[in-house]
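Trainee: Take this structure, written in structure tokens, and hold onto it; I'll ask about it next.
The values are calculated or read from the model by the stated rules, or taken from the named source; none is laboratory data. Remember, it's a predicted structure, so these values are computed and weren't measured experimentally. Methodologically, a virtual Cβ is constructed for each residue, glycine included, from the backbone with ideal geometry; neighbour enumeration extends over all protein chains shown.
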Amino acid sequence: MPSKMSSQTGLSRLGAQLAPILIVCAIVFALPLVLNNDFLLNKVARYLVLGILTVSLALSWGFGGILNLGQAMSFGIGSYAMAMALKLKTVPVHTGPGGLPDFMVWNNVARLPWFWEPFKSLGFALAAGIILPALVAAALGWFIFRSRVTGVYVSIMTLATMVVLNLVIIDQQSYTGGFNGITDLAQLEVFGIVFDTYSRATFYLVASCVTLSLLVAFAFTRTKAGLVVQAIRDHESRVRYFGYDVAAYQIFVFALSAAIAGLAGMLYTIVMEFASPTFLGVQLSLSVVVWCAVGGRQSLVGAFLGAVLVAGMQGALSESAAFLETWTLIMGALFVLVVLFLPKGLAGLAHDIWLWIAQRPHAVQDTALGVGQTREGST
Amino acid sequence: MDQFIEQIVTGLSIGSILLLVAMGLSIIYGSMGIINLAHGEFVMLGAYTAWLFQSHFGLGLLASLVPIFIVVAAIGWIIERFVLSLLNNRPLDTILATWGVGIMLQQGVRLMVGSELRYVQLPQSLSDSMDVFGLSVSSYRVFLFTVTIALFAVTWILMNHTTVGMKLRAIMQDRSVAASFGINAKRVYGLTFAYGAGLAGLAGALVSPLKSVSPDMGTGYVIDAFMVVVLGGVQSLAGTVASAFILGELSGAIAFLQNDTVAKALVLLAIVVLIRFRPEGLFTTRVRA
Amino acid sequence: MTPYLELRNVSVSFNGFKALNEFNMSVSKGELRCLIGPNGAGKTTALDIICGKVKPSAGSVVFDGTALEGLEEHRIARAGVGRKFQVPSVFRDLTVAENLEVARAHRPGVWANLRWDARRSGRKDIERLAQLISLTEHLDRPAAYLSHGQTQWLEIGMLVAQDAELILMDEPTAGMTAQETRKTAELFARLKGKHTLLVVEHDMGFVKAIGDVISVMHLGQLLAEGTAAEVEEHPEVRRAYLGSGGITNA
């Protein structure tokens, strides 16, 4: 006799997982109705974007078992793609003769470098912001996973690669804006809508992308490929003996994660109105790991909320140095506690509490069933 | 010819600093499998302790070296006991936990001492320059090089010619077998981590006169130290020495030809490629699977 | 008749220790072959060689006309080889149903598995399998909550789901009760014919009950081969492994 409590139907489990996502997205969309302050909404938009970035890490780490310590690299590539396009759209005030960005003029660059040319097309830039990080990740993934590098070394390699790109961007300042990044950007204009950083249009753009990323990531986890990826996280070598090309799956989730991070990067440039090498920095990349761990890396919503709330707290406290430093100290301690005792983060803790509450009325019924099962089994 | 010698000397100088910082990391990683991202903070703590002794107790750098070692080693021991010992067989989690501890240490220092730059004086006796192969080199740098080699020798002797070192090597080979012979792995781990931390603290104290002391000075060192350890091979002290000086020379040479940034980028790239083809580093012998 | 699975002069060393020393074995299609021998004889290594976990230093492994030595593990699996490991290896964080789903790997490519319907279609088969391995109540619980015996059964169930032509079993009844062992014997009897089974075992009662042909290994080589009766009488086998009491006394 099947136990009533242990198996929910497939559809109800789908609903249980989809519901938190839809609720969070609804709340995000409803925020402008509650917070009628453009300045505040802009700040919130910033944290929402960091939330998308953290969701992308959760996909790679929580579901795929790949701890990408250089997740910010994909984020940075996306942000620079958008920044380059928007820089080229600035009116000649910021652009030198021949359409050169100001910093190039100051660095005595004669002609627009070849890799800037395609970004004159906004369509290209929008596609590049998502596809370029994915391609880079796929190439890096091919390099790492085909040779069966695992565990710690993967993380070291992703971090080192990001630092290399960071250093290259800083070094080649005549072509990339170097240390200062790319500033003084035009506003994004698509289909007649101007996405000024303080406008509602931008906020709704971010909100839409939050919804899109969460749904795409969720959809992936629900496919069989998503299931295989989780099996790989669980026991990588065992999966091979069922016939799956493990490296191919790892490369795929790695690239998908990078694409979502790239999207977040593009949004970040719009919201912040600049792109800088810190977007590909160790500080940001490791912060994402902290947010993801604390929020719950095996939960897309958990990771999202972890980022929004923690980054938001940091932002809110940035007014006072003392508060900020203390907050960071507390975050460090919380992070250590989570690593030691709560591998599934606060979301996992919430889930466990929920399960415990939901199952208590069935405790007595379960014992009776337990006895019944033993008798059945011994015939 | 002169330029060549100058290159070598610069490389040796950079290398000795790298080795100083990487030695503790290598021992910790090699023997315990712990990737200590807080290592940079131990360096930072050593530097701050040196500053503290100097500004509040008037103690010179040379005199305070031993107390600094003890202080930072004690902090390391506490961290191992209360955080790391809970993370057996979870190498990825040790990266995260030590990163968190590093954040806490950095913030602790910021809150207690403030973020302004601090300065440590060069010892009077070493503030002039010496003649090395016809070149004028700062005496302090020569001192640094000498101390580094001496510390390496001490560490080597400890590892290979003392009972404690033997116990550690036994545990590195096979923890459960070692335990069945009565070796208390927990205690040995605690001492080892403390020793590694103490070495880092010494490194911090010794480099503090060369640059300013700030709460975030450790981050740069930890990444460099990692590259040294990864290149040199886990569980190989000799490998660490070799790779520290190789990387020192390499960085120096590339920095001379291009610039610092490119040097760092190329070295990192080389390491990424190396890990892919030879994850055990350049100097480890293949251990039986 | 050409053998379905043939290992010819397979040798492999681990740091000087010769685990397999010119090992030869042939298995016919549909057979249920048992592989027995003392510890260290090379039984598990033989399975490791076939499924690709270990690469031989010499010799060849041919399965249904395909040379397996040197191929990557997943290619060998796709050629029709399934492996059950000595230590039950299931995906502990996934549910029992999800474990079985992963095992149903008839379309192993990434792109094929991105299709939305790739999961729904198998639920009926999985429920039937779950009944076969008595894990129906646990279908939607994480595999980590299963007992040792149940985990063994799950892995066996996964092998059935994988539906490989050649199934390698490494001590499938380890840790099982007598009743569970009996059930395993029944299942194997049903599987053979359509599948070819190669079973490494220590439980001699089990071996006698299910095995058509028994291969005895010793020191990395094939010592003897034959029916249970023949093997029992074999002087070398008695000396090396079974003792004078015969198979049931081993």
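Trainee: Can you find, within segment C:209-235, the residue that is nearest to C:Lys18 (Cα to Cα) among those that are in contact with a Cys (Cβ under 9 Å, 6 or more places away or on another chain) and assigned to a helix (DSSP H, G or I)?
Mentor: Here the answer is C:Ala228.
Trainee: Inside segment B:217-246, can you point out the residues that are of a type in the set (Phe, Trp, Tyr) and more than 14 Å from every other protein chain (Cβ to nearest Cβ)?
Mentor: Correct list: B:Phe245 only.
Trainee: Being more than 11 Å from chain A (Cβ to nearest Cβ) and of a type in the set (A, V, I, L, M): is that true of C:Leu159 here?
Mentor: Taking the combined requirement at face value, the residue does not satisfy it.
Yes/no per residue for (1) on the phi > 0 side of the Ramachandran plot; (2) out of contact with any strand residue (DSSP E or B) (no Cβ under 8 Å at 6 or more places or on another chain); (3) part of a helix (DSSP H, G or I):
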| site | (1), (2), (3) |
| --- | --- |
| C:Gly149 | no, yes, yes |
| C:Trp153 | no, yes, yes |
| C:Ile156 | no, no, yes |
| C:Met176 | no, yes, no |
| C:Val207 | no, no, yes |
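Trainee: Taking the condition of being modelled with pLDDT of 90 or more and under 12 Å from C:Pro88 (Cβ atoms), how many residues in segment C:135-150 meet it?
Mentor: Final tally of qualifying residues: 3.
Trainee: Residues to consider are B:Ile78, B:Ile68, B:Ile14, B:Ile8; find the one that is surrounded by fewer than 24 Cβ atoms within 10 Å (Cβ to Cβ) and under 25 Å from A:Leu329 (Cβ atoms).
Mentor: Exactly one residue qualifies, and that residue is B:Ile78.
Trainee: Across segment B:240-254, what is the number of residues that are at pLDDT 80 or above and over 11 Å from B:Leu18 (Cβ atoms)?
Mentor: Qualifying residue count, segment B:240-254: 1.
Trainee: OK, next. Go through segment B:178-196 residue by residue and tally those that are of a type outside the set (A, V, I, L, M) and free of Cβ contacts under 8 Å to residues at least 12 places away in the same chain.
Mentor: Of the residues in that region, 5 qualify.
Trainee: Which pairs have Cβ atoms under 8 Å, sit 6 or more apart or on different chains, and link a residue in segment A:153-173 that is more than 9 Å from chain B (Cβ to nearest Cβ) to one that is small (Gly, Ala, Ser) and surrounded by fewer than 22 Cβ atoms within 10 Å (Cβ to Cβ)?
Mentor: A:Ile169/A:Gly178; A:Gln172/A:Gly178
Trainee: On to the next question. Kindly indicate the residue of segment A:205-220 that is under 15 Å from A:Ile27 (Cβ atoms) and of a type in the set (Ser, Thr, Tyr) and also surrounded by the most Cβ atoms within 10 Å (Cβ to Cβ) among those meeting that condition.
Mentor: A:Thr211
Trainee: Next question. Can you name the number of the only condition in (1) polar (S, T, N, Q); (2) more than 18 Å from the chain's Cα centre (by Cα); (3) away from chain B (no Cβ under 14 Å) that A:Ser320 fails?
Mentor: Every listed condition holds for A:Ser320 apart from (3).
Trainee: Another question about this same structure. Go through segment C:102-139 residue by residue and tally those that are in a helix (DSSP H, G or I) and either aromatic (Phe, Trp, Tyr) or touching a residue at least 40 places away in the same chain (Cβ under 8 Å) (or both).
Mentor: Residues in segment C:102-139 being in a helix (DSSP H, G or I) and either aromatic (Phe, Trp, Tyr) or touching a residue at least 40 places away in the same chain (Cβ under 8 Å) (or both): 5 in total.
Trainee: If you go through segment B:185-201, how many residues are touching a Phe, Trp or Tyr at 6+ places or on another chain (Cβ under 6 Å) and modelled with pLDDT of 90 or more?
Mentor: Of the residues in that region, 5 qualify.
Trainee: Count, please, the residues in segment A:221-264 that happen to be facing chain C (nearest Cβ under 7 Å), among the small types (Gly, Ala, Ser) and surrounded by fewer than 24 Cβ atoms within 10 Å (Cβ to Cβ).
Mentor: Result for segment A:221-264: 1.
Trainee: Yes or no: segment C:143-153 includes at least one residue that is at the interface with chain A (Cβ under 8 Å from one of its Cβ atoms), surrounded by fewer than 16 Cβ atoms within 10 Å (Cβ to Cβ) and over 30 Å from C:Asn39 (Cα atoms).
Mentor: no
Trainee: Being assigned to a helix (DSSP H, G or I), among the aliphatic types (A, V, I, L, M) and away from every other protein chain (no Cβ under 13 Å) narrows it down to one residue among C:Leu187, C:Leu197; which is it?
Mentor: Unique residue meeting the criteria: C:Leu187.
Trainee: Mind listing whichever residues of segment A:106-142 are free of Cβ contacts under 8 Å to residues at least 24 places away in the same chain, in contact with a Ser or Thr (Cβ under 9 Å, 6 or more places away or on another chain) and within 14 Å of chain B (Cβ to nearest Cβ)?
Mentor: None - no residue of segment A:106-142 is free of Cβ contacts under 8 Å to residues at least 24 places away in the same chain, in contact with a Ser or Thr (Cβ under 9 Å, 6 or more places away or on another chain) and within 14 Å of chain B (Cβ to nearest Cβ), so the list stays empty.
Trainee: Can you give me the number of residues within segment C:37-60 that are at pLDDT below 90 and crowded, with 21+ Cβ neighbours inside 10 Å?
Mentor: Qualifying residue count for the region: 3.
Trainee: When you go through C:Val102, C:Val87 one by one, which is the residue that is of a type in the set (A, V, I, L, M) and within 24 Å of A:Gly62 (Cα to Cα)?
Mentor: That would be C:Val102, the only listed residue that is of a type in the set (A, V, I, L, M) and within 24 Å of A:Gly62 (Cα to Cα).
Trainee: On to the next question. Looking at (1) in a strand (DSSP E or B); (2) within 30 Å of A:Ser299 (Cβ to Cβ), can you tell me which one C:Val90 breaks?
Mentor: (1)
Trainee: Related question: Taking segment B:49-64 on its own, how many of its residues are in contact (Cβ under 8 Å) with a residue 60 or more places away in the chain and either more than 12 Å from B:Val120 (Cβ to Cβ) or assigned to a loop (DSSP other than H, G, I, E, B) (or both)?
Mentor: 1
Trainee: Considering every residue within segment B:255-263, establish whether at least one is away from chain A (no Cβ under 14 Å) and modelled with pLDDT under 80.
Mentor: Yes: segment B:255-263 contains one or more residues that are away from chain A (no Cβ under 14 Å) and modelled with pLDDT under 80.
Trainee: Additional query: Quick one: count up the residues across segment B:91-110 that are more than 19 Å from B:Leu45 (Cβ to Cβ) and hydrophobic (A, V, I, L, M, F, W, C).
Mentor: Selection size over segment B:91-110: 3.
Trainee: Please enumerate the residues belonging to segment C:13-44 that are closer than 23 Å to C:Thr184 by Cβ, touching a residue at least 12 places away in the same chain (Cβ under 8 Å) and not in a strand (DSSP E or B).
Mentor: Listed by number, the residues that qualify are C:Ser28, C:Lys29, C:Gly30, C:Glu31, C:Gly37, C:Pro38, C:Ala41, C:Lys43, C:Thr44.
Trainee: Taking segment B:90-131, which residues are buried (at least 17 other Cβ atoms within 10 Å of the Cβ) and among the small types (Gly, Ala, Ser)?
Mentor: B:Ala97, B:Gly100, B:Gly102
Trainee: On the given criteria, is A:Ala293 of a type in the set (A, V, I, L, M), touching a Ser or Thr at 6+ places or on another chain (Cβ under 6 Å) and either buried (at least 23 other Cβ atoms within 10 Å of the Cβ) or farther than 20 Å from A:Ser213 by Cα (or both)?
Mentor: No.
Trainee: What's the number of the condition A:Thr278 fails, among (1) more than 12 Å from the chain's Cα centre (by Cα); (2) closer than 17 Å to A:Leu67 by Cα?
Mentor: It fails just one condition, (2).
Trainee: Further, regarding this structure: Out of (1) away from every other protein chain (no Cβ under 14 Å); (2) in a helix (DSSP H, G or I); (3) among the hydrophobic types (A, V, I, L, M, F, W, C), the odd one out for A:Leu185 is which?
Mentor: Going through (1) away from every other protein chain (no Cβ under 14 Å); (2) in a helix (DSSP H, G or I); (3) among the hydrophobic types (A, V, I, L, M, F, W, C) one by one, A:Leu185 breaks only (2).
Trainee: If we keep just the residues of segment B:197-249 that are touching a residue at least 60 places away in the same chain (Cβ under 8 Å) and among the charged types (D, E, K, R), which is surrounded by the most Cβ atoms within 10 Å (Cβ to Cβ)?
Mentor: Residue satisfying both the conditions and the ranking: B:Asp224.
Trainee: While we're on this one: When residues of segment C:64-79 are filtered for being touching a strand residue (DSSP E or B) at 6+ places or on another chain (Cβ under 6 Å) and within 14 Å of chain A (Cβ to nearest Cβ), how many remain?
Mentor: Selection size over segment C:64-79: 2.
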